[in-house]
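Some notes on the structure that comes next.
Please treat every number below as a calculation from the coordinates, not as lab data. What you see is a predicted model, and the numbers here were worked out from it, not measured in a lab. Cβ: placed from backbone, ideal geometry, glycine included. Neighbour counts: every protein chain shown.
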Amino acid sequence: MTPDHVNPEAPWPHLDRLAEATRETGRTLTERLPIYREYAADPERWIAPEMRSQTLRMCGTDLNAREDDWYAGASDAAPRWATAALSRAGRATPVSPDIARALSRAEGGESLTREEVAGLFDARGDDFAAVCEAADRLRAEQSGDAVTYVVNRNINYTNICTYGCGFCAFSKGRLSQQHRDKPYDLPLDEIAGRAREAWQRGATEVCLQGGIRPGYTGETYLAILDAVKTAVPDIHVHAFSPLEVWHGATSLGLPLSDYLRRLKDGGLASLPGTAAEVLDDEVRDILCADKINTAQWLEVMRTAHEVGLKSTSTIMFGHVDSYVHWANHLLRLRDLQARTGGFTEFVPLAFVHMEAPIYLRGQARPGPTFREAVLMHAVARLVLSPGIANIQASWVKMGRQGAALCLDAGANDFGGVLMNESITRAAGASHGQELRAADIETLIRASGRIPHQRRTDYSLVNTDPRDRGPAQARFTTAAE
């Protein structure tokens, strides 16, 4: 739609009026690119090489034009349309038949098909509001009005890695890219000191993850565990992605179950569900071909749950994937949870594109749109409920206001204070590092919910001043 300067007495109608007229017919007006999305989906055939990267940068996962200028990790404020759309929830507005049918089945406790899940991710306008509202109803049934958060500290013990994941700007395996920081490898006494400092500030958890440095073996991770537990015996150690566990077991020639039992005996309390990216090998072959595949990630998690270790689950989305890939990911988590019951939460992690190698090479989109990022929380609630009871909004990826809006779209957890998160910052995010517990509680209350500090296992923490209360002070990193 463009202003008609040739025929000014008959200009194009204002887009808002056109959108309203379209909505009255049960349709949603959507901006497209000059190239239709069925052609954008096959760029090797239809798009000149010089135009492919620019086309990717202008589109969302659906290959239509991006709806706003919001980007994960860069935009702290949510788009205005999103607040207005979520405020429409509860009104008697028309919902398309396919969406209405899928929502009815999900709220009735039925398992959705892959096609139904993918269709929910394409919801717009009143359909978008309806999906968020249905997810919010399920959230209220499962969690009530409580919104939890954890006081924790991230310790990324090395940024040196032998893997070449296309999305990772944290790894320092290749130093030719000047935007990356210098490589480091924290000594054990520094790791122990950071854990001790976190405990002194009221943290109940340390989250330990890092690159796969040459020379690391399964004994390396056991030594890190020993250093932390010797320094702070009572802290919850949430550590080692399935990739690290797989590497540790392989390096020692041990079955996964034996190595996971050694980690558990050494003080490991739970596993982070990272290194999942998207659990679909069609995506992984592009994004992280040398990493563990989908079946191996699921095998690590299944085995961990069987030996008595709980874990979180994640998705890192919005790069070279599609709604069908997202659907496959959620359904695989749902199926494993039905077998083991070991996942405590699901954490959507929107792709932060700014320094990601695959984006800088012009081979990926600049992350999900805000609509898609919110829908990931809502659709996850609908698909994973009641098996995975907790959906976390990442303020590091979504921004403060964006994460708060996700509380109206199925999320019931606000993540952690983190103290010093570095992986997302390395990818170019403008917010990260730390959000004080007091600020988290203010955001939760402003959303009309009740904040509760939790432990990693979702048991609540007594925040009586005489007990271990939430951390309030600003954290100063070693670099400062």
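What the table shows:
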item	result
Estimated vicinal HN-Hα couplings, Hz - segment 225-233 in sequence order (Karplus 6.51, -1.76, 1.60; Gly, Pro = x)	4, 4, 4, 5, 6, 5, 6, 9, x
Net charge, GLN337 excluded, C-beta distance under 13 Å - Lys, Arg +1, Asp, Glu -1	+3
Ascending count of other beta-carbon atoms within 10 Å, so fewest first, for CYS165, CYS406	CYS165, CYS406
Per-residue ³J(HN,Hα) for segment 396-402, Karplus 6.51 cos²θ - 1.76 cosθ + 1.60, θ = phi - 60°, Hz, x for Gly and Pro	5, 8, 8, x, 5, 5, x
Percentage relative contact order, the chain, counting C-alpha pairs under 8 Å, at least six apart	22 percent
Contact order normalised by residue count of segment 222-277, Cα under 8 Å, 6+ apart, percent	52 percent
Net charge of Cβ neighbours under 9 Å - reference HIS319; Lys, Arg +1; Asp, Glu -1	-1
Under 13 Å, Cβ to Cβ, from GLN401 - net charge with Lys/Arg +1 and Asp/Glu -1	0
Difference of contour (0.36 nm per residue) and Cα-Cα distance, LYS264 to ARG105	53.3 nm
Mean Cβ count within 10 Å, highest first, over the residues of peptides 396-404, 39-47, 191-199	396-404, 191-199, 39-47
Projected label distance in nm at ASP457 and ASP189, using a 7 Å step from Cα toward the beta-carbon	3.4 nm
Nitroxide proxy distance, nm - points 7 Å out along Cα→Cβ at ALA84 and LEU18	1.6 nm
Proxy reagent accessibility, fewest Cβ within 10 Å first, across LEU86, LEU384	LEU86, LEU384
Whichever lysines have a C-alpha closer than 20 Å to that of LYS182, once near sequence neighbours (fewer than 8 apart) are set aside	LYS172
Free-standing Cys, the chain [no other Cys Cβ under 4.7 Å]	CYS59, CYS132, CYS161, CYS207, CYS406
Of all DSSP beta bridges in the chain, antiparallel share, percent nearest 5	10 percent
Whole-Hz couplings from phi, Karplus 6.51/-1.76/1.60, listed for segment 207-224; x for Gly and Pro	10, 10, 8, x, x, 9, 6, x, x, 5, 10, x, 5, 4, 5, 5, 5, 4
Added length on full extension, which subtracts the Cα-Cα distance from 0.36 nm per residue, LYS182 to GLU44	46.0 nm
Calculated FRET efficiency for the pair ASP234/ALA338, C-beta based, R₀ 35 Å, to 0.05	0.60
Degrees separating the helix 49-58 axis from the principal Cα axis of the chain, which is the longest one	90 degrees
Peptides 315-327, 71-83 ordered by average Cβ neighbours within 10 Å, highest first	315-327, 71-83
Point-to-point label distance, ARG27-ASN293, nm (Cα→Cβ direction, 7 Å offset)	4.3 nm
Cα centroid separation - segment 314-375 against segment 104-130, whole Å	17 Å
